[in-house]
Every structure is written in C-alpha cells, then in structure tokens.
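Structure first, then comments.
The values are calculated or read from the model by the stated rules, or taken from the named source; none is laboratory data. Since we're looking at a predicted model, the values are computed, not measured. Note that each Cβ is placed from the backbone with ideal geometry, even for glycine, and that neighbours are counted across all protein chains shown. Only protein heavy atoms, including side chains, enter the accessible area calculation; ligands, DNA and RNA are left aside. Shrake-Rupley method; radii C 1.70, N 1.55, O 1.52, S 1.80 Å.
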Amino acid sequence: QVQLVESGGGLVQAGGSLRLSCAASGRTFSSYAMGWFRQAPGKEREFVAAVSRSGGSSYYAASVKGRFTISRDNAKNTVYLQMNSLKPEDTAVYYCAANSGDYYYIRERYDYWGQGTQVTVSS
C-alpha cells in the first residue's frame, strides 16, 4: 500500500508559477513510476506528466510540454511538478498517482492516488 499526499496548490495569476509536491509513504517509493493528472470541473481526469522509477525519463502532455517539469527525489519519497507560465486553462484539481507498471499515460493503470490539490489560475 502507498499513501500519497499532495501539497503546493493555490491561486496564482496567469503567467505565474507553482510547485506541487507529492509525498509518499508505505512501500518502496522507487518501485513506482509516478504521474500527475488533473481534473477540471465537468471534465475527465487527464494525464499531465509522468516520471520513471529512477527519474531518468519523463513524459508530458502536449498542453504542458515546455512549461511544466516533473521530477522526483527517491531519498525523500517525493515527486514534484514545477509549473511555469501558467494559464487559466491549467485550473484544475491536480492529483499524483503511483504506477507499478510502465503505463505512464494511462490513467486506469495507476494503482494509488492522492486526494488532490486545487490549482486556480486567474486571468
């Protein structure tokens, strides 16, 4: 079992930055690929970014590539999402998730989920 707790969300103006963190506890953190997803009101939860177990590979949705950076610190059992040049359309609840396989983009393949943190970008 893995417990995930997100933090770092908030209200920011368009063009600003936020850094989300996701702290993991339970089984070995480095055994899991980690991902960030987001869900806006009335929309499905969508893939944002993912990072491999070692942190050596990362994957991004086209809508955030070049603006967001995912990273992880296995010594601290934490995954991060640095979000720059934020846009109003980035407004959503952001979730981190743990994946015991290699299905980075597929929401249904993630085994564990956090409770989410709200990100609101004002125009």
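Here are some notes:
- Amide N proximity, region 54-69 versus Arg19 label position 7 Å along Cα-to-Cβ, cut-off under 15 Å: 68-69
- Normalised alpha carbon radius of gyration of the chain [divisor 2.2 N^0.38 Å]: 0.97
- The residue among Ser54, Gly101, Ser123 whose Cα reaches farthest toward the positive pole of the charge dipole of the chain, with charges on the beta-carbon of Lys, Arg, Asp and Glu, is Ser54.
- Accessible area of region 46-123 belonging to carbon and sulfur atoms, whole % at 1.4 Å probe: 44
- Only one residue of Gly10, Pro41, Trp113 has its Cα farthest out toward the positive end of the dipole of the chain, where Lys and Arg carry +1 and Asp and Glu -1 on Cβ, and that residue is Gly10.
- In this simple spin-label approximation, Glu89 and Asn74 carry label points 7 Å from Cα along the Cα→Cβ vector, and these lie 3.6 nm apart.
- Charged side chains reduced to their Cβ positions (Lys and Arg at +1, Asp and Glu at -1) give the chain a dipole of some 160 debye around its Cα centre.
- Computed label-point distance, nm, for sites Arg67 and Ser7 using a 7 Å Cα→Cβ extension: 2.6
- Once you reduce region 11-42 and region 81-114 to the center of their Cα atoms, the two points are 6 Å from each other.
- Mean Cβ neighbour count within 10 Å, used as a protection proxy, ranking 74-85, 107-118 highest first: 74-85, 107-118
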